[in-house]
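Values quoted throughout were computed directly from the atomic coordinates according to the rules given, and no laboratory measurement underlies them. Bear in mind the structure is a predicted one, so any value in this text is a computation, not a measurement. For neighbour counting, all protein chains shown are included, and Cβ atoms are generated from backbone atoms with ideal geometry for every residue, glycine included.
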Amino acid sequence: MFQRDFPADFVWGSATAAYQVEGAPFEDGKGASVWNEFEKRPGVMRDDVNGDITCDHYHRYNEDIAIMRDIGLKGYRFSFAWSRIFPEGRGKVNQKGVDHYKRVCETLLENGIEPFVTLYHWDLPLALQKDFGGWESRECSRYFGEYAELVGREFKGLVKNFSPVNEFLAASDVAYGMGLIAPGLKLSRKRVNQIRHNLLLAHGLGVLGLRSGNPDARIGTAENANFMIPIVDTPEHVEAAKKALREQNAHFITAILEGKYLDCYLEKEGGNAPVFTDEDMKIIHTPLDFVGLNIYHGKRVRYAPETECGYHIFEKDDYAHQTGINDFTFEPSSLYWGTRLVHETWKAKEI
């Protein structure tokens, strides 16, 4: 029987986000995040639940880490709550918050588990939303860089691997365009495009900040890109899928890895395109140590010379599997094609 083993250094792990599991939303000096206001709106949370307790990971991380150890996990990706470290998003540091995350990281290492830290998983400090309009303002990007620098410095020797921002599309379009997650706004296309750009700028400033605080840090993305799957594994369909990958991700990962917005993206957006500078793009393109991908599904693509773009994307996929979330599917082959095409398109040295 054919058998292919995982390499010896493959890291099996799990992942969470601060708001999802921590609870303790105001304990030990933590400031409010946009979720603490959003969750109070009637109808936005099923059964009117909130994040006050969740998994109580803030108090029970020792038990949780023991479970991770017992089931053989070697890595744990989790996020720091920005407002637990900077209650107002900037200014005074909450040392109790810093110390808490240090204890979590120390406990992970003691149990043979490598911490992988995300700096932002959609829980913007509420003060930054109220004072500056959140990610509509470049001030948030600047303050994020300062937050990253402090984290790099304080966690040197405890954390090697960092991702500044988890999944740009959710942080921008879903939060500020569709209004489905905090802060729950439905802004215009132009304003959302500027938010997209400001998040990319925050990513770049975050990379620079982390490296300033810890030159030995390994930094990469945690991006759920629009992954493509060639309809047939032939050269023309594979090349079409690679072209689609670049163009369908022009607003996020393509901009990060190429340091520019593709002409097709700017032309498509027209007057709704973001305002940016050459210096912005240089910062956004700051070199990474790895390209981290969150892969759930992909779209099938065929070579289509009769179209202007040269490819056709199938919106309906009979091979995809429906999840318990409406209109959300998973497609196992996207794990293969997602990583392969990212490597071939951008020569990513580590994924």
Hey, could you pull the Cα Rg and Dmax for the stretch 223-351, both in Å?
15.3, 44
Please rank His57, His285, His100, fewest neighbouring Cβ atoms within 10 Å first, as an exposure proxy.
His285, His57, His100
In whole Hz, with x marking every Gly and Pro, tabulate ³J(HN,Hα) for the stretch 38-52 from phi via Karplus 6.51 cos²θ - 1.76 cosθ + 1.60, θ = phi - 60°.
4, 5, 7, 5, x, x, 7, 10, 4, 6, 6, 6, 8, x, 5
Could you tell me the center-to-center distance, by alpha carbons, between the stretch 237-309 and the stretch 180-215 in angstrom?
16
The stretch 285-351: relative contact order in percent, alpha carbon pairs under 8 Å with at least 6 residues between:
38
Just list whichever of Lys30/Lys102; Lys30/Lys96; Lys102/Lys160; Lys102/Lys130; Lys92/Lys156; Lys242/Lys347 have alpha carbons separated by over 18 Å in the model shown.
Lys102/Lys130; Lys92/Lys156
Rg to Rh ratio, the chain, alpha-carbon atoms and Kirkwood radius?
0.96
Dipole axis of the chain (+1 Lys, Arg; -1 Asp, Glu on Cβ), positive-most option in Phe38, Val151, Ser79:
Val151
So what J values fall out for the stretch 265-281 if you push phi through Karplus, 6.51 cos²θ - 1.76 cosθ + 1.60 with θ = phi - 60°, rounded to Hz, Gly and Pro as x?
5, 5, 5, 5, 7, x, x, 8, 5, x, 8, 7, 10, 4, 5, 3, 5
Mind running the shape call on the stretch 1-121? Use the C-alpha gyration tensor, a ≥ b ≥ c as the square roots of the eigenvalues: rounded below 1.5 for a/c, prolate if a/b tops b/c, oblate otherwise.
prolate
For Asn161, list long-range residues whose amide hydrogen, built 1.01 Å from N in the peptide plane, is under 5 Å from its own amide hydrogen.
Val117, Arg218
Quick check: residue separation of Ala66 and Glu279 times 0.36 nm, minus the Cα distance between them. What number comes out in nm?
72.1 nm
Once you list every other residue whose beta carbon is under 13 Å from the beta carbon of His321, what net charge do they have if Lys and Arg are +1 and Asp and Glu are -1?
-4
Of Ala240, Gly298, Ile219, farthest towards positive along the dipole that unit charges on Lys, Arg, Asp, Glu beta carbons give the stretch 212-351:
Ile219
Computed for the stretch 49-115: size of charge dipole around the Cα centre, +1 on C-beta of each Lys and Arg, -1 on C-beta of each Asp and Glu, debye to nearest 20, value 300
Under a Cβ-only charge scheme (Lys and Arg +1, Asp and Glu -1), can you give me the dipole magnitude of the stretch 178-292 about the Cα centre, in debye to the nearest 20?
480
Amide H of Glu114 versus every other amide H placed in the peptide plane: which residues, excluding those fewer than 5 positions away on the same chain, fall under 5 Å?
Gly75, Tyr76
Answer in debye to the nearest 20: the dipole magnitude of the chain about its Cα centre, from +1 Lys/Arg and -1 Asp/Glu charges placed on Cβ, is 500
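How long are the semi-axes of the equivalent ellipsoid of the stretch 63-144, defined as square roots of 5 times the Cα gyration tensor eigenvalues? Whole Å, largest first.
In descending order the semi-axes read 30, 13, 9 Å.
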